[in-house]
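Written out below as structure tokens is the structure these notes cover.
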Amino acid sequence: MHHGAPCWVDLATTDLQATVDFYTGLFGWYYSDVDGRTVAVVDGLPVAELVAAPRASAWTLYLNTPHARATAEKAHALGGTLLGEPTEQVTLLADPTGAVIGFRRAGPDWLFGTDGHGAYAWAELNTRDGQLADEFFHELCGFEVTQIGDGQAVDYTLWAIQGHTVLGRQRMGRAFEPGTPPHWMVYFTAAPEIGTDSVATRVLELGGRVTVEPYDTPFGRITVVADHSGAVFSVIDPSRATPLTDDDIGARIDDPNDE
């Protein structure tokens with residue numbers, strides 16, 4: 001696994017059992033107790049961790065690093081902010097634009113499932129200073145940065161490792177409320193036989209919210225939702241990819257934190 005590749009996601013919650021119940025009901029996750037950690041499993045592979053904590057968090061993405069402490073030191077030197085003392089295994093930090101990201105050492109036997117209903121699918125950074133974010137992560141992880149759109153009305157970049165796209169970065173525009181903080185959006189997969197719309201309906205049944213109704217994109221059908229405690233994430237059915245029309249360009253609806 002390359003340095004900078006997504007390798008894990010977790011969610012801190014003040015009510016572990018309620019969170020377990022929500023995601024079991026939504027994705028059918030099973031759980032393994034790994035050294036006291038509650039690890040969600042899809043098709044036999046770990047896909048996420050639910051963490052009992054005194055304070056809830058948003059979904060946190062972790063990128064692979066061979067040396068978490070060295071990555072923390074480099075990130076700090078590049079203008080990032082460390083959120084706690086790094087260890088050899090893991091570090092949590094905020095990039096210079098303010099979004100929280102984790103780095104984790106994923107050894108050769110590290111397992112992270114990215115296939116199947118409820119598995120990790122994608123992640124993108126939403127920030128108001130796209131250029132600063134691009135430069136920071138290029139320096140920190142060596143990402144190759146490719147601009148999508150004109151960089152003005154549509155400012156979206158793709159970050160790649162040796163030609164393989166791994167993450168996206170979107171500059172937040174007028175579709176976002178002025179006070180929306182920079183943040184990472186984590187996407188989970190909706191299996192084609194279930195579909196994004198059914199997942200959105202199930203979120204409501206389980207006490208969550210649908211922040212953005214399902215919509216079509218060239219990458220799949222997407223919805224933005226919040227779980228029972230307010231943690232926001234996206235769900236995508238990649239099998240439902242639909243080319244954009246001229247009317248769709250620039251019509252993106254994004255305010256995942258809108259109440």
* To do: May I ask you to list the residues in segment 212-226 that are surrounded by fewer than 22 Cβ atoms within 10 Å (Cβ to Cβ) and farther than 17 Å from residue 192 by Cα?
  => 212, 213, 226
* Structure fact -> Over segment 1-13, the set of residues hydrophobic (A, V, I, L, M, F, W, C) and either open to solvent by less than 30 Å² (accessible area, probe 1.4 Å) or part of a helix (DSSP H, G or I) (or both) is 5, 7, 8, 9, 11, 12
* Structure fact -> Of (1) within 24 Å of residue 93 (Cα to Cα); (2) outside any strand (DSSP E or B); (3) among the hydrophobic types (A, V, I, L, M, F, W, C), residue 145 satisfies every one except (2)
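Please specify each residue of segment 33-81 satisfying the condition of being among the basic types (Lys, Arg) and farther than 24 Å from residue 231 by Cα. Please lay out each step first, then the result.
Applying the first criterion (among the basic types (Lys, Arg)) to segment 33-81 yields 37, 55, 69, 74.
69, 74, listed by residue number.
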* Asked: Do the conditions hold for residue 131, that is, is it of a type in the set (S, T, N, Q), assigned to a helix (DSSP H, G or I) and free of Cβ contacts under 8 Å to residues at least 60 places away in the same chain?
  -> yes
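Could you tell me how many of the residues in segment 113-150 are among the small types (Gly, Ala, Ser), open to solvent by less than 20 Å² (accessible area, probe 1.4 Å) and over 16 Å from the mean Cα position of the chain (by Cα)?
Going through segment 113-150 one residue at a time, the tally reaches 1.
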* Structure fact -> Within segment 85-112, of all residues that are over 23 Å from residue 29 (Cα atoms) and among the acidic types (Asp, Glu), the one most open to solvent (accessible area, probe 1.4 Å) is 85
* **Filter result for residue 166 (among the β-branched types (Val, Ile, Thr) and more than 29 Å from residue 34 (Cβ to Cβ))** => no
* Among (1) open to solvent by 30 Å² or more (accessible area, probe 1.4 Å); (2) farther than 21 Å from residue 125 by Cα; (3) within 19 Å of the chain's Cα centre (by Cα), where does residue 191 come up short? -> (1)
* Asked: Going through segment 64-81 one residue at a time, which ones are in contact with a Leu (Cβ under 7 Å, 6 or more places away or on another chain), open to solvent by less than 60 Å² (accessible area, probe 1.4 Å) and of a type in the set (A, V, I, L, M)?
  -> 72, 75
* Structure fact -> By residue number, the members of segment 38-63 that are β-branched (Val, Ile, Thr) and open to solvent by 60 Å² or more (accessible area, probe 1.4 Å) are none
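The values are calculated or read from the model by the stated rules, or taken from the named source; none is laboratory data. Everything quoted here is computed from the prediction, not taken from an experiment. A quick note on method: Cβ atoms are made from the backbone with ideal geometry, for glycine too, and the neighbour counts reach across all protein chains shown. With ligands, DNA and RNA removed, areas are computed over all heavy atoms of the protein, side chains included. Shrake-Rupley method; radii C 1.70, N 1.55, O 1.52, S 1.80 Å.
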